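What follows is one structure encoded as structure tokens, with my remarks underneath.
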Amino acid sequence: MSQADLIWMNGELVAFEDAKVHVLTHALHYGTGVFEGIRSYETPDGNAAIFRHDDHIDRLFNSARLYYMEIPFSKEELRAATHELLTRNNLKSCYIRPLVYRGAGPMGLFPLDCPVDVSIAVWQWGSYLGDEGKQNGVRGKVSSWRRIPASALIPAAKATGQYLNSVLAKIEAEKAGYEEGILLDERGMVCEGTGENLFVVKNGKIATPGFANDILGGINRLSAMEIARDLGYELVERDVSRGELYLADEVFMTGTAAELTPLRELDDHPIGEGRPGPVTRAIQDVFEDALHGRSERYAHWLDVVLPRAERSSPLRSAPAPAS
Ligand SMILES: Cc1ncc(COP(=O)(O)O)c(C=O)c1O
């Protein structure tokens with residue numbers, strides 16, 4: 001990870017070292033924040049293009065609503081702020097992390113009197129499970145931790161406190177020598193990775209767990225589903241059992257951080273031939289083209305960051321450009 005110079009906080013661009021919060025920030029104590037993970041890629045014509053930016057912003061607003069947070073900026077303002085942030089940091093390929101959180105205010109579990117603060121950070125970040133993992137697949141372990149159930153929290157929300165669940169599964173997997181943990185839902189059906197959705201391929205047909213399995217509705221999951229169907233594969237959302245993963249021909253995962261990463265082994269069982277299979281490769285190739293702006297068919301997924309002079313949206317509270 002390599003840091004950027006500027007971070008956007010509540011409408012201002014601030015220097016990296018000044019991007020600080022108070023120790024009584026409510027979200028630090030109770031996990032009352034929601035966030036997004038987004039990626040921008042440099043396209044062949046040298047622009048930065050943010051992948052499915054509007055979908056991420058929509059999910060951010062939905063997550064906030066589910067936790068009774070009113071974001072004090074419009075969707076368009078956050079989009080414009082992100083464009084400005086990329087431009088001012090001179091970044092094209094990077095990870096983008098918007099965060100909406102309950103700031104410093106009255107302590108206690110009732111958060112509605114605390115301010116809602118918003119920040120956006122960007123940094124350069126390679127693929128979460130590594131380029132080698134994307135190429136050759138990673139080794140996974142079914143976690144002893146179950147995915148947070150809909151009876152206790154809101155799995156469809158991307159909320160900071162909810163990630164303690166993923167953190168436990170990730171630590172367990174890494175300590176045991178695996179690269180990723182796979183969580184089952186409360187009923188013991190397959191749910192997802194610690195930060196990725198999961199797809200299983202058997203006899204050329206694809207299945208993926210759905211919302212009834214307490215998944216986070218991944219935006220890359222939607223992209224992979226659309227690409228798979230466009231390539232002519234049959235794809236269904238349904239319960240997937242743990243045994244099906246072991247006996248699958250192929251398993252792959254999708255997420256903003258991990259992009260599309262195949263699973264080559266699970267609980268020491270090789271999956272299929274123990275290396276990424278043809279269906280995974282076919283979808284991954286198209287997906288990579290879509291991410292990097294090499295696909296006309298999926299060009300509508302890209303939010304291209306135009307030079308400042310060509311942008312129409314006004315920025316609220318943003319400082320004047322550096323001279
Ligand atoms: C728990 C979890 N599941 C799935 C995903 C994949 O979602 P997306 O494709 O929108 O990045 C993520 C990453 O955001 C995640 O954190």
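The values are calculated or read from the model by the stated rules, or taken from the named source; none is laboratory data. Quantities reported herein were computed from a predicted structural model and do not represent experimental measurements. No Cβ is skipped: glycine too gets one built from the backbone with ideal geometry, and neighbour counts run over all protein chains shown. With ligands, DNA and RNA removed, areas are computed over all heavy atoms of the protein, side chains included. Shrake-Rupley method; radii C 1.70, N 1.55, O 1.52, S 1.80 Å.
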Those residues of region 1-44 which are among the charged types (D, E, K, R), at pLDDT 95 or above and open to solvent by 60 Å² or more (accessible area, probe 1.4 Å), in sequence order: E12, E17, D18, K20, E42
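Within region 211-232, track down each residue that is part of a loop (DSSP other than H, G, I, E, B) and either closer than 21 Å to D185 by Cα or in contact with a Gly (Cβ under 7 Å, 6 or more places away or on another chain) (or both). Steps first, answer last, please.
Restricting attention to region 211-232, the residues satisfying the condition of being part of a loop (DSSP other than H, G, I, E, B) are 214-218, 231-232.
Passing the criteria: D214, I215, L216, G217, G218.
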Those residues of region 131-152 which are open to solvent by 20 Å² or more (accessible area, probe 1.4 Å), assigned to a strand (DSSP E or B) and touching a residue at least 40 places away in the same chain (Cβ under 8 Å), in sequence order: R139, K141, R146
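Out of the residues in region 209-230 that are among the polar types (S, T, N, Q) and within 11 Å of the ligand (Cβ to nearest atom), which is nearest to the chain's Cα centre (by Cα)?
Among those that are among the polar types (S, T, N, Q) and within 11 Å of the ligand (Cβ to nearest atom), it is N220.
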Any hit, region 202-216, residues being among the aromatic types (F, W, Y) and under 26 Å from L60 (Cβ atoms): yes
Unmet requirement for R275, which otherwise passes all of (1) in contact (Cβ under 8 Å) with a residue 60 or more places away in the chain; (2) under 27 Å from G37 (Cβ atoms): (2)
Region 181-202, subset more than 11 Å from the ligand (Cβ to nearest atom) and within 13 Å of L235 (Cβ to Cβ), residue surrounded by the fewest Cβ atoms within 10 Å (Cβ to Cβ): K202
All positions within region 233-277 that are within 16 Å of the ligand (Cβ to nearest atom), over 30 Å from V122 (Cβ atoms) and either charged (D, E, K, R) or in a helix (DSSP H, G or I) (or both): E237
Residue within region 260-278 that is more than 26 Å from E174 (Cβ to Cβ) and exposed (fewer than 15 other Cβ atoms within 10 Å of the Cβ) present: yes
Failed item, numbered, when P155 is tested on (1) part of a loop (DSSP other than H, G, I, E, B); (2) within 30 Å of Q284 (Cα to Cα); (3) open to solvent by 20 Å² or more (accessible area, probe 1.4 Å): (3)
L99 being open to solvent by 30 Å² or more (accessible area, probe 1.4 Å), modelled with pLDDT of 95 or more and in contact with a Gly (Cβ under 7 Å, 6 or more places away or on another chain): yes
Within region 46-96, considering residues that are surrounded by fewer than 21 Cβ atoms within 10 Å (Cβ to Cβ) and among the acidic types (D, E), the one nearest to the chain's Cα centre (by Cα): D55
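Looking at R102, R147, R139, can you tell me which residue is more than 16 Å from the ligand (Cβ to nearest atom), touching a helix residue (DSSP H, G or I) at 6+ places or on another chain (Cβ under 7 Å) and among the charged types (D, E, K, R)?
R102 is the lone residue from the list that is more than 16 Å from the ligand (Cβ to nearest atom), touching a helix residue (DSSP H, G or I) at 6+ places or on another chain (Cβ under 7 Å) and among the charged types (D, E, K, R).
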Count of region 158-180 residues which are part of a loop (DSSP other than H, G, I, E, B), more than 13 Å from the ligand (Cβ to nearest atom) and surrounded by 18 or more Cβ atoms within 10 Å (Cβ to Cβ): 2
Inter-residue pairs, beta-carbon under 8 Å, first closer than 21 Å to K141 by Cβ and in region 194-210, second within 11 Å of the ligand (Cβ to nearest atom) and among the aromatic types (F, W, Y), 6+ apart: G195/Y128
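Count, please, the residues in region 58-105 that happen to be in contact (Cβ under 8 Å) with a residue 12 or more places away in the chain and either of a type in the set (A, V, I, L, M) or part of a loop (DSSP other than H, G, I, E, B) (or both). Give the steps one after another, and end with the answer.
So in region 58-105, the residues in contact (Cβ under 8 Å) with a residue 12 or more places away in the chain come out as 58-64, 66-73, 75-89, 91-105.
Imposing the further condition that a residue be either of a type in the set (A, V, I, L, M) or part of a loop (DSSP other than H, G, I, E, B) (or both) reduces the set to 60, 64, 66-73, 78, 80-81, 85-86, 89, 91-93, 96, 99-100, 103-105.
Qualifying residue count, region 58-105: 25.
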